[in-house]
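In what follows, a single structure is set out as structure tokens and then discussed.
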Amino acid sequence: METRPILKNRVFLYLTEFFAGMSVMAVELGASRLLAPYFSSSQIVWTIIIGTIMIAMALGNIYGGRAADKNPNPDRLYARIIIAAIWIAAIPVLGKYIIILISGLLIFTVSNNFLVIAGFVACMVIFVFPLFLLGTVTPSLVKYTVDNLDNNGKLVGNLNAFNTIGSIIGTFVPTFISIPAVGTSITFLIFAGILFILCAVYFISSKVSMKKIKRLPVGMFIFILCVIFGHRSNFAFWQKDLLFEGESIYNYLQVYEDDRARYFSTNVLFGIQSVYLKEKGLTGYYYDFAMAAPFMTGVNEKDSLDILILGNGTGTFATQCERYFDKDLNIIGVEIDEKITELAREYFELPEDVEVVTYDGRAYLNAVDEKYDVIMVDAYQDITIPFQMSSEEFFSLVKDHLKDGGVMVVNMNMKSGGEGSINEYLSDTISSVFSEVYYSDTFGVSNREVFASDNPEMLRVFAENVEKEEDYELSWMMDQVSNRLVEYNAGDYVMTDDKAPVELLGMKVIDELIQAEVSYYKEIFKEGGIKAVIEML
């Protein structure tokens, strides 16, 4: 086995293990943030990421062990690490284009499980190779450190310990420091740079001939190009007029506008989480339908109203309530992502008297004793429906925080029907807790509003209060809700904290929505191929 002076002190080998483990976890967390704006951040996506990374690491371990036995030259290991570093640095530059390309190709060929297949293929293409190379580190280092049978257990244990410690740090640093501070793209570049510096120290200190380390200057040049072109990588690269695009601990964040309104989204491909209408009228979105809840609890018969919003977003519902209900309103919004609240104040004119608590919705209910006239549950984003806010136990907790005659309104953002759909599961679960459950589908989009109460006079109260409403626009809107209200006939699909398959159910709806959206283009593709589709776009 060829030796290098820097490897005689095993500290450098331990550092190699440490930084390799740290980089693997950082890439894994970066992968979730890279994929989330396109495929969501659900448990399904996390399962795909973890699964593909485990595949890569297992293959890397096998190959690394065999390669070390066949040719125990540490130069080969550090050359592989350089290649991994360059690949990781290239992810911010090319990753988003690869994801869109894969999605575009698969959307015409896959009818079911699109998110699973597209996410899996994207992970395999983007992340498997560099992590495969990093997976060769541990078996190679074992070969370089274990030189007798007396201390091999201790040395292998030390290597694994340094790898584990590095993995721990690589888990916390991206989540709590680098991604919120500088974003996903620079996080990839930081950890790629660490690996590159590690290899540079190895080769330079070993005084390897330039002929043998030609990868180093070439790699440095490529890395610099990646830093230049990837340090500020827009996820929605086709949109040039964004007011804001960034990341928080929890979400990808995007704010954009048109002549009519300003919009907030946590996904670049589909879905709007909040909207602010510039003309100060009704939005035309589900928030207008949700305003039926205050009428159902008797808003025009009360001097004051207590409203709790679980999943406040940028505060569209709170803003609309303050705009249309001329009375003493006590509105509390609960939003787990503090950065979203900051955007609400900056871009969406969230009223200052609306208190926003940075907390998980269910945890907040567990922490307070107050009761409310209206509780809005608006914490569902595309496929990422928090299971803990979809169970029988959760809705029972909501019920405990409603006043007599209080109403819960739930925004279901994936309108679907049929046996065993996500909406049927949610509605059946709500019906297992509340005696009165009605729903109303919104205009032309995928949302459905579900209203629930234990007040058997809920619809009578609604009608009487709508009659007292003097604002013509709001009164007309409530008439639309009334015409669409349907009493829900409950079934047996009840979700609990122990069993709530919300993500698999949501994935089925996403497949339906995607197929409905692309069916027209599929026909064009069949007739004229990809050229015809591009011409249509």
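Throughout, read-outs are computed from the coordinates displayed, never taken from laboratory work. Keep in mind the model is a prediction, meaning the values are calculated, not measured. FYI the Cβ positions are ideal-geometry reconstructions off the backbone, even for glycines, and counts take in every protein chain you see.
Only DSSP H runs of four or more residues enter the estimate; each adds -39500 (n - 2.57), and after division by the residues of the chain the mean residue ellipticity at 222 nm equals -18000 deg cm²/dmol.
In sequence order, the range 301-314 has phi-based couplings of 10, 10, 7, 9, 9, 9, 10, 10, 10, 9, x, 5, x, 8 Hz under the Karplus curve 6.51 cos²θ - 1.76 cosθ + 1.60, θ = phi - 60°, and Gly or Pro positions carry x. The angle separating the long axis of helix 215-230 from the principal Cα axis of greatest extent in the chain is about 20 degrees.
Put simply, the amide H of A261, placed in the peptide plane, has neighbours under 5 Å in K278, leaving out anything fewer than 5 places away on its chain.
This model, with +1 at the C-beta of Lys and Arg and -1 at the C-beta of Asp and Glu, gives the chain a dipole about its Cα centre of some 4980 debye.
Dipole check for the range 5-230: with +1 at the C-beta of Lys and Arg, -1 at the C-beta of Asp and Glu, and the Cα centre as origin, the magnitude is about 620 Debye.
Pairs from the list K278/K399; K327/K371; K327/K403; K278/K371; K339/K403 with a Cα-Cα gap above 29 Å: K278/K399; K278/K371; K339/K403. Residues whose amide H falls under 5 Å from that of K403, counting only those 5 or more places apart or on a different chain, are Y372, D373, with hydrogens built in the peptide plane. When percent of Cα pairs over 47 Å apart is calculated directly from the model, which label among (1) 17; (2) 24; (3) 13 fits? Checked against the structure: label (2). Counting only DSSP beta bridges whose two residues both lie in the chain, roughly 60 percent are antiparallel. Cβ-to-Cβ counts within 10 Å put E322, E346 in ascending order as E346, E322, the fewest first.
Database remark: amide H of D497 closer than 5 angstrom to the amide H of E392, E393 (H placed geometrically; neighbours at sequence offset of 5 or more, or on other chains; Pro and chain starts carry no H). 3J(HN,Hα) along the range 55-72: 4, 4, 5, 5, 5, x, 4, 5, 5, x, x, 5, 5, 5, 5, 6, 9, x Hz, from the Karplus curve 6.51 cos²θ - 1.76 cosθ + 1.60 with θ = phi - 60°, whole Hz, x for Gly and Pro.
Think of the chain as a dipole: +1 on every Lys or Arg Cβ, -1 on every Asp or Glu Cβ, centred on the Cα centre; then among G405, I177, N61, N61 lies furthest on the positive end.
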